[in-house]
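Below: one structure, written as C-alpha cells.
The values are calculated or read from the model by the stated rules, or taken from the named source; none is laboratory data. Since we're looking at a predicted model, the values are computed, not measured. All Cβ positions, glycine included, derive from the backbone under ideal geometry; neighbour counts span all protein chains shown.
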Amino acid sequence: MSHATHTFPKNFKWGAATAAHQVEGGAADSDWAAWEKLPNKIKENGSAAVACDWWNGQRWREDFDRAANDGQTTHRLGVDWSRIEPRLAIWDEDALDHYREMIKGLRDRGLEPMVTLHHFTNPLWLAERGGWENPDAVIYFERFVRKVVNALKDHVDLWCTLNEINIFAYQSYMDGVWPPEKKDTATCFKVIRQMLLAHAAAYRAIHEIQPTARVGIAHHIQLIDPHRADFAPDNWIANFQTRVFNESIPHALHTGHLHFPIGKWNEHLPELANTMDYVGINYYSRRVAAFDLSAAATLFGRTFHEPEAEMDHVNLNELYPSGLHRVIKWADRFKKPIYITENGWGDADESRRTRAMLLHLRNLWSAVNNNFPVRGYYYWSLVDNFEWERGWVQRFGLYELDLTTQERTPRSVAKLYAEVCKTNTLTSEMVERYAPEMTPTMFPG
C-alpha cells in the first residue's frame, strides 16, 4: 500500500445537515404534521411527533456538542414556517426566540449556521388556501422571510431559501406521494414557477436587510444517464429529463429564463436572474433513462436503476460516488462558490455506509483538487431523522438514534468523519482503519 494524504483547502467548511420537521418533534400546525397522522401515509406508521426531540426536549444542545467535538465547523439547519407563523399574519415570538437560541448555540460552539427557510413543510393555513398553487404564496413567503431574517441576522449570514424545489414539486404535485397528493404535470410546473418567484423575492429581501449575506437554494441533482449509450433515443430521453429535472431551475435563477422543454413553458422572468450567490447541491444517486413507446404519459421515457447497480437496502439510491465529481463539474458553469448542501448514505449495511462516505469524499477531494470552487460539505445527516414517507426505515445519521430512549450512538462513519473534519484530510491510514478492503483500489501500492 502506498501512503498518501489528500488535503483539503484551508478554511474548507465541514458540517452536517438537518431539517426542522425531521428532527424537532412537537409540530402541530404544518401540513406534514397533519398528513402523517393519516393511515397508510408513512412506512411502518412512522411519525415525527417526537423525532430527535430538538424542540420540547432541547436535545439540539447535545447534538451540537457532538458536531463541535467531532471537529465540524458549520451546520445546516432549518426553521419551520408553521411554528413562526402558526396562523396567517400571527407571529409566535417565542418560536423565533427558540430558533435564535439554537443558532446562537451553534455560534457559541464554533459552528457557522446555514439556515434553510423552507424544507418541504407548509403552515396549515397556507395549505388550506391552496398552498404553492396560490399566487399569494410568493407574498406570504417573502413576508415570512423578512420576519425571520430580521430576527436572526445578528447570527446568520448564510441563507438557503428553499430546499429541493424539484423534489418538493414532483413528489407533491406529479407523483402525488406527499401532501397535497396531486398528480398533474401542469400544476407541478406552476408550483415550480411560484417557488422560483418566491426565492427571487426572498433573495432581494434578504439582501435589503443584510447586504453582505450569501443566499442560494439547495438543489437536488439526480444524474440521468442513457440506458444504452449507443442508442440515440435513449440519449435523447436522458438529455430531455436532465434538462427538465436537473437544469431548468438553476438555469432560471442564473439567466432569468424559465424553460421546461414540454408544452408552452418558455418564459422570461428577469426578476429571477442572478439570484444565486452560491450553488447548493444535494447529491445522492443516479438513474438511467430508456426510450419506451408504451410510456406516453412520461413522454416515451422511463427511468430506472440498472440491474447490476449497487443499491441501498430500501432500493432508493444507487451507490455512484463518481457522480459527486460530475455534478460539481456541472455546477461550475455558473461561476459561483459551490456548497455540497447534502450528501449521505442511508443503509442497513454499515460497511457499505462507510465505503460510501470514503468514496464520496475521495471524489469531493478530486473535484477540489481540480480547482472547482467547493467551499463546504454538509453530510446528511447529523443524527437519524424522520425521512418523510419512508418514516424511520431509512437511517442516514452519523449518530444512530434509539426512538424509545432517544439515546445517540456514534456509527463508524461518525468516527471516520470526525477524523476528516479535525485534520482537513482524507488519508490512506483512515481507509486502512475503517475499510481495509478498499485500500488496494483507493491507494494501490
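Tabulated data for the structure shown
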item: Of all residues in segment 249-264 being surrounded by 17 or more Cβ atoms within 10 Å (Cβ to Cβ) and touching a residue at least 24 places away in the same chain (Cβ under 8 Å), the one that is nearest to Thr298 (Cα to Cα); result: Phe260
item: Scan of segment 417-436 for residues that are within 24 Å of the chain's Cα centre (by Cα), buried (at least 19 other Cβ atoms within 10 Å of the Cβ) and not β-branched (Val, Ile, Thr), ordered by number; result: Tyr417, Ala418, Cys421, Leu426
item: Meets criteria (under 22 Å from Val314 (Cβ atoms), of a type outside the set (A, V, I, L, M, F, W, C) and touching a Ser or Thr at 6+ places or on another chain (Cβ under 8 Å)) for Tyr379; result: no
item: Extreme residue, surrounded by the most Cβ atoms within 10 Å (Cβ to Cβ), among residues of segment 265-312 that are in a strand (DSSP E or B) and of a type in the set (Val, Ile, Thr); result: Val279
item: Residues that are part of a loop (DSSP other than H, G, I, E, B) and either of a type in the set (S, T, N, Q) or surrounded by fewer than 19 Cβ atoms within 10 Å (Cβ to Cβ) (or both), drawn from segment 393-410; result: Val393, Gln394, Asp402, Leu403, Thr404, Thr405, Gln406, Glu407
item: For Ile206: the one exception among (1) assigned to a helix (DSSP H, G or I); (2) without any contact (Cβ under 8 Å) to a residue 40 or more places away in the chain; (3) closer than 19 Å to Tyr339 by Cβ; result: (2)
item: From Asp234, Asp225, Asp230, residue being surrounded by fewer than 22 Cβ atoms within 10 Å (Cβ to Cβ), touching a Gly at 6+ places or on another chain (Cβ under 9 Å), more than 30 Å from Asp97 (Cβ to Cβ) and at pLDDT 95 or above; result: Asp234
item: Among the candidates Val374, Val393, Val383, residue that is in contact (Cβ under 8 Å) with a residue 24 or more places away in the chain and touching a Phe, Trp or Tyr at 6+ places or on another chain (Cβ under 6 Å); result: Val383
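For every residue, the table says whether it meets (1) farther than 22 Å from Phe141 by Cβ; (2) under 19 Å from the mean Cα position of the chain (by Cα).
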position	(1), (2)
Arg61	yes, no
Asn69	yes, no
Gln72	yes, yes
His75	yes, yes
Gly78	no, yes
Glu85	no, no
Ile90	no, no
His98	no, no
